[in-house]
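Inspection log for the structure reproduced underneath, given as structure tokens.
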Amino acid sequence: MRTPDLFIGAVGAFVPPTVSVEWAIDRGLYSREQVELHELAGTAIAGDLPAPEMALRAAQQAVKRWGGSPTEFDLLLYASTWHQGPDGWPPHSYLQRHLVGGDLLALEIRQGCNGMFSAFELAASHLQAVPERTSALLVAADNYGTPMVDRWRMGPGFIGGDAGSALILTKRPGFARLRSVCTKSVPEAERLHRGDEPLFPPSVLTGRELNFTARIDQQFAARSPASIAMADVGDHIEEVVGRALAEAEIEVGDLTRVAFMNFSREIMEQRCLANWGLPMSRSTFDFGRRIGHCGASDPLLALEHLARTGGLGPGDHLLTLGTAPGVVVSCAIVQVIESPTWRE
């Protein structure tokens, strides 16, 4: 999807304190073999701080950096992957009450770790549909510290991290431009993350733990059609990235940095960088390996970190890329126009 004349006014991030993998090893939560295999260093843990509160803090920071009024937004999109609060309660209403008010369309997006890419597409369409609409607030947040999931073993090649993130997408000038966003689904692999678990009753009502590792291992052991379909995911990733590059009118060599999900080194290299012959020095692995895989927040956390620390300068391009259950492959290309004035 081409996104002409859409800018990023500001980004915000809330990352709670981190713990090291050594801390987890000492408590029997993680193994030294996993450290050697994946080279992950730690993860962010929020304790009992709710995900909507982390989203609010990140959004407040983004609005402050932007300099506009939180009442100016025409759309609020809240991406999440895990339970946010009382069942039946919409978490975006928390931000409406405490920040943006109620005079706008507000929705929650549940598309796994790729929720922010979906938010980009929906917000771009919403803003471009009506000339008077100017800006959208996109947020994501998750806290995996619940009995129903083990953050240290929830999926292959990553550790679950807690965080909140926010981005302001606007027609007004901003420090960066959203050049393109693309998505492709691979429904043939749908069962990979479902495994053999029944659809009803929902697992959260039966006390069954979320364990993507067990589900995926079971599908590969059975050589299910879903596992076989995953053999082509690399091709789908190349297709989606190729389309995004063409829409942004740049080449692979124009990419300054590449941000994949905060997964292991071998996944970052094999699933992402190797396809285009790019070195690890262009990745955000060194940043992501310390905070964990923070659900739908990963792409915004990478952008915020690079913008704040000077990892991206005027004219630089960032490719953010992710995969999610479904299976869904998504990416977006961001071009920095000017170095942001904020550093706090």
Q) How many Å³ per residue does the convex hull of the Cα positions in the chain occupy? A) 132
Q: Please report, in debye to the nearest 20, how large the charge dipole of the chain is about its Cα centre when each Lys and Arg carries +1 at its beta carbon and each Asp and Glu carries -1 there.
A: 420
Q | Fraction of accessible area attributable to carbon and sulfur, the chain (%, probe 1.4 Å) | A | 52
Q) Mind listing the phi-derived Karplus ³J(HN,Hα) values for segment 316-329, rounded to whole Hz, using 6.51, -1.76 and 1.60 with θ = phi - 60°, and x for any glycine or proline? A) 6, 10, 10, 9, 10, 9, x, 10, 8, x, x, 8, 10, 10
Q: Would you mind classifying segment 168-236 by shape? Square roots of the alpha carbon gyration tensor eigenvalues, ordered a ≥ b ≥ c; an a/c under 1.5 is rounded, otherwise it is prolate if a/b is larger than b/c and oblate if not.
A: oblate
Q: Could you work out the local net charge near ASP232, counting Lys and Arg as +1, Asp and Glu as -1, over the other residues with Cβ closer than 12 Å to its Cβ?
A: -3
Q.
Give me the net charge for the shell around VAL252: Cβ to Cβ below 15 angstrom, other residues only, Lys and Arg +1, Asp and Glu -1.
A. -3
Q: Please work out whether segment 76-153 counts as rounded, prolate or oblate from its C-alpha gyration tensor, where a ≥ b ≥ c are the square roots of the eigenvalues and a/c under 1.5 means rounded, while otherwise a/b larger than b/c means prolate and anything else oblate?
A: oblate
**Q.** Theoretical ellipticity at 222 nm over the chain - DSSP helices of four or more residues, -39500 (n - 2.57) apiece, nearest 500
**A.** -8000 deg cm²/dmol
Q) What is the antiparallel percent of DSSP beta bridges lying wholly in segment 218-344, to the nearest 5? A) 60
Q.
As I understand it, the dipole of the chain uses +1 on the Cβ of Lys and Arg and -1 on the Cβ of Asp and Glu, about the Cα centre. Which of LEU312, GLY155, PRO279 lies farthest toward its positive end?
A. LEU312
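Excluding ALA24 itself, what net charge comes from residues whose Cβ is under 15 Å from its Cβ, given Lys and Arg +1 and Asp and Glu -1?
After counting each charged neighbour, the total is -1.
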Q | Fraction of beta bridges assigned by DSSP in the chain that are antiparallel (%, nearest 5) | A | 70
Q | Accessible surface, per residue, of the chain when the full set of protein chains is kept, probe 1.4 Å, Å² | A | 41
**Q.** Theoretical FRET efficiency, 1/(1+(r/R0)^6), r = Cβ-Cβ of LEU199 and ASP103, R0 45 Å, to 0.05
**A.** 0.75
Q) Restricting the count to DSSP beta bridges whose residues both fall in segment 66-176, what percent are antiparallel, rounded to a multiple of 5? A) 45
Q) Residue-wise, which Karplus ³J(HN,Hα) couplings in Hz belong to segment 245-258, taking 6.51 cos²θ - 1.76 cosθ + 1.60, θ = phi - 60°, and x for glycine or proline? A) 4, 5, 5, 7, 6, 9, 10, 4, x, 7, 6, 7, 9, 10
Q: For the chain, set up a Gaussian network in which alpha carbons nearer than 10 Å are linked by springs, and say which option among ARG257, ARG27, ARG194 fluctuates the most.
A: ARG27
Q. From the Cα gyration tensor of segment 1-63, with a ≥ b ≥ c the square roots of its eigenvalues, which class applies: rounded if a/c is under 1.5, or else prolate if a/b is larger than b/c, or else oblate?
A. oblate
Q) What list of whole percents do you get for P(r) of segment 160-201, with Cα-Cα distances grouped in 5 Å bins up to the one holding the largest distance? A) 5, 11, 13, 11, 14, 17, 12, 9, 6, 3
(Q) Given a 10 angstrom Cα cut-off, can you work out which residue in VAL327, VAL252, VAL15 is the most mobile in a GNM of the chain? (A) VAL252
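The values are calculated or read from the model by the stated rules, or taken from the named source; none is laboratory data. This is a predicted model, so every value here is computed, not measured. For neighbour counting, all protein chains shown are included, and Cβ atoms are generated from backbone atoms with ideal geometry for every residue, glycine included. Heavy atoms of the whole protein, side chains included, go into the accessibility calculation; ligands, DNA and RNA do not. Shrake-Rupley method; radii C 1.70, N 1.55, O 1.52, S 1.80 Å.
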